[in-house]
Amino acid sequence: MTLRIKVPVAITALAAAMAISNIGCTNNPYPAGESKRNVHYLNFGEDPKSLDPTFSFTTVESNVLDVITPSYFRYHYLQQNPVRLVLNLGTKEPTRTRTPDGGEVWTFTVRKDLRFSNDVCFPDSKGRAITAADFIYSWKRMADPKIGYPLTGVFEDNVIGWKEYAAAFNLDRKGMADPNYDKPFPGVTADPNDPYTFSIHLKRPYPQLRFIMAMHHTTPQAREAVEHYNDEYARHPVGCGAYKLTSYTPKQRLVLERNENAPSDLYPTEGDPGDREAGLLDDAGKQLPLTDTLVF
């Protein structure tokens, strides 16, 4: 059973109970001072195997990564009948152009207000601006055999040059700084005239690509973060979402804090029939996120 109660209300009730009791001990389960903050507590159910957005594929991992490493599209928070994709890091719907050989080119344009969260992997620990190059880097990681991207088979048959680019990686290398990342990937290319636009070149029409662009696999990733953390990147993802990971002890505790560099985002103002009566639109139009800290 899920207890549906807003965090501030729960904290207020707890504080009132403590004040009324006026005794030296308490049943307050929170660390000292934490019950006064806007914190939401959740339970994993099981420990994430990896938080590398390219490799992670479970629901448990998605619960964490989707608020750290968002993608071009996302699913509408409330409109789920039917489910609806809406723009997230993208500025507009991608254009789809058929090619003479029966293929298709999808062109994407990303927002110009995106920055990675502050992290020690960047100079002065300040997150830098995000461009199309960071989306392309994510696609290169998807093709890297060392990562073990779970949908490789799908794109080998659909993305131009995938097999050849993947074969060029050195599987015996140590670390993540393979020179193949500096080489162009013919299936995913940058617009030479616009650093915020990139294209994906397909051998044939593949309408499912739209939904792939709503998965954390296709989030923009910072090469600095991947190469700085190396194998520990799976425990320390760096993104541009509403939250950033600040603490993670496997099988014990994971803490996400509000990302000060997150782009502006508002709670939806429309939902499915019945959502307003259920109170799901009470926060319509409010700045997101509504909670400062998430503790798993």
Selection count where residues are in a loop (DSSP other than H, G, I, E, B) and touching an Asp or Glu at 6+ places or on another chain (Cβ under 9 Å), scope the range 71-99: 2
Among the numbered criteria (1) of a type in the set (G, A, S); (2) touching a strand residue (DSSP E or B) at 6+ places or on another chain (Cβ under 8 Å); (3) assigned to a helix (DSSP H, G or I), which single criterion is violated by A225? (2)
Give me a count of the residues in the range 146-157 that are out of contact with any helix residue (DSSP H, G or I) (no Cβ under 8 Å at 6 or more places or on another chain) and open to solvent by less than 20 Å² (accessible area, probe 1.4 Å). 0
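Condition check ((1) among the hydrophobic types (A, V, I, L, M, F, W, C); (2) at pLDDT 90 or above; (3) in contact with a Leu (Cβ under 6 Å, 6 or more places away or on another chain); (4) surrounded by fewer than 21 Cβ atoms within 10 Å (Cβ to Cβ)) across all residues:
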{"residue": "P31", "(1), (2), (3), (4)": "no, no, no, yes"}
{"residue": "E34", "(1), (2), (3), (4)": "no, no, no, yes"}
{"residue": "H40", "(1), (2), (3), (4)": "no, yes, yes, yes"}
{"residue": "G45", "(1), (2), (3), (4)": "no, no, no, yes"}
{"residue": "P48", "(1), (2), (3), (4)": "no, yes, no, no"}
{"residue": "D52", "(1), (2), (3), (4)": "no, yes, no, no"}
{"residue": "F55", "(1), (2), (3), (4)": "yes, yes, no, yes"}
{"residue": "N63", "(1), (2), (3), (4)": "no, yes, no, yes"}
{"residue": "Y72", "(1), (2), (3), (4)": "no, yes, yes, no"}
Applying the selection to the range 81-106, what residues are loosely packed, with under 15 Cβ neighbours inside 10 Å, under 24 Å from the mean Cα position of the chain (by Cα) and closer than 24 Å to K203 by Cα? K92, E93, T95
For G241, indicate whether it is part of a loop (DSSP other than H, G, I, E, B), within 17 Å of the chain's Cα centre (by Cα) and either without any contact (Cβ under 8 Å) to a residue 24 or more places away in the chain or under 25 Å from K112 (Cα atoms) (or both). yes
Just checking, does the range 150-164 include any residue being of a type in the set (K, R) and within 14 Å of L202 (Cα to Cα)? yes
Taking K126 as meeting all but one of (1) open to solvent by 50 Å² or more (accessible area, probe 1.4 Å); (2) touching a residue at least 60 places away in the same chain (Cβ under 8 Å), write down the number of the exception. (2)
Restricting to the range 113-123, and then to whatever is surrounded by fewer than 18 Cβ atoms within 10 Å (Cβ to Cβ) and touching a Ser or Thr at 6+ places or on another chain (Cβ under 8 Å), can you tell me which residue is farthest from K244 (Cα to Cα)? D113
Do we find a residue being of a type in the set (A, V, I, L, M) and open to solvent by 10 Å² or more (accessible area, probe 1.4 Å) anywhere in the range 195-204? no
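The values are calculated or read from the model by the stated rules, or taken from the named source; none is laboratory data. Model, not experiment: these values are computed from the prediction. As a convention, Cβ positions derive from the backbone with ideal geometry for all residues, glycine included, and neighbour counts pool all protein chains shown. When the accessible area is computed, the model is the full protein with side chains, heavy atoms only, and any ligands, DNA or RNA have been set aside. Shrake-Rupley method; radii C 1.70, N 1.55, O 1.52, S 1.80 Å.
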